[in-house]
């Protein structure tokens with residue numbers, strides 16, 4: 001695949017975009033961008049949505065399709081191996097009377113704790129930005145990739161290439177371990193964000209905020 005199309009897919013992996021958005025970011029002529037998008041759409045790698053505006057002609061938003069996501073490297077084997085390790089290590093008394101959701105919670109909770117213990121020694125930094133950089137770098141080595149964006153004084157972490165949306169019908173329960181993992185490693189307030197609200201439907205998204213030190217009341 002040509003480099004320009006790879007770049008377009010990388011941009012669309014981060015967010016939806018119009019032809020104008022891509023033209024500005026790539027520094028290419030609109031006709032050139034449209035030609036690449038036509039080829040990517042023909043091959044099923046991008047989806048397009050018509051958005052009507054209050055005035056003027058409607059515009060089109062392009063996004064990465066499931067087929068397009070499959071073009072990027074995956075770390076499913078590493079994730080699967082961690083899951084198998086935790087399942088094999090379960091004791092009978094831990095799983096007694098467990099429903100499917102209960103068992104999933106238990107396994108992911110154990111996996112998050114074990115991963116936090118392995119990653120924590122590599123996390124250094126006096127401020128939140130440094131810790132986020134260290135954590136995302138360490139987790140990327142474990143097969144868990146996040147894009148980082150600054151939003152309104154906080155940080156938005158968007159998980160890429162996670163199998164959970166496909167395997168679990170986008171149930172937040174399955175991805176909740178990421179939230180606990182990030183909160184533990186960053187010593188910060190980590191809250192779940194609906195991916196659609198930041199233009200990244202189909203991915204895990206978290207807002208990370210600095211934990212304010214408790215103030216001591218004075219008489």
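Does the stretch 132-151 hold any residues that are out of contact with any strand residue (DSSP E or B) (no Cβ under 9 Å at 6 or more places or on another chain) and more than 16 Å from residue 81 (Cα to Cα), and which are they?
134, 137, 138
Quick grid of which residues meet (1) buried (at least 16 other Cβ atoms within 10 Å of the Cβ); (2) modelled with pLDDT of 90 or more:
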| position | (1), (2) |
| --- | --- |
| 25 | no, yes |
| 29 | no, yes |
| 43 | no, yes |
| 47 | yes, yes |
| 62 | yes, yes |
| 73 | no, no |
| 77 | no, no |
| 94 | no, no |
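Given the criteria within 23 Å of residue 139 (Cα to Cα), loosely packed, with under 15 Cβ neighbours inside 10 Å and either at pLDDT below 85 or not assigned by TED's automatic domain parsing to the domain that holds residue 141 (or both), does residue 105 qualify?
No; evaluated as a whole, the condition is false for this residue.
Right, residue 86: free of Cβ contacts under 8 Å to residues at least 40 places away in the same chain, part of a helix (DSSP H, G or I), assigned by TED's automatic domain parsing to the domain that holds residue 141 and surrounded by 13 or more Cβ atoms within 10 Å (Cβ to Cβ) or not?
yes
Looking at the stretch 123-137, can you tell me whether even one residue there is loosely packed, with under 13 Cβ neighbours inside 10 Å, over 22 Å from residue 12 (Cα atoms) and modelled with pLDDT under 85?
yes
Those residues that are out of contact with any strand residue (DSSP E or B) (no Cβ under 9 Å at 6 or more places or on another chain) and touching a residue at least 24 places away in the same chain (Cβ under 8 Å), I need them from the stretch 11-31; list them, please.
Selection gives 28 alone.
The values are calculated or read from the model by the stated rules, or taken from the named source; none is laboratory data. Everything numeric here is computed off the predicted structure, so don't read it as measured data. Cβ atoms come from the backbone with ideal geometry, glycine included; neighbour counts cover every protein chain shown.
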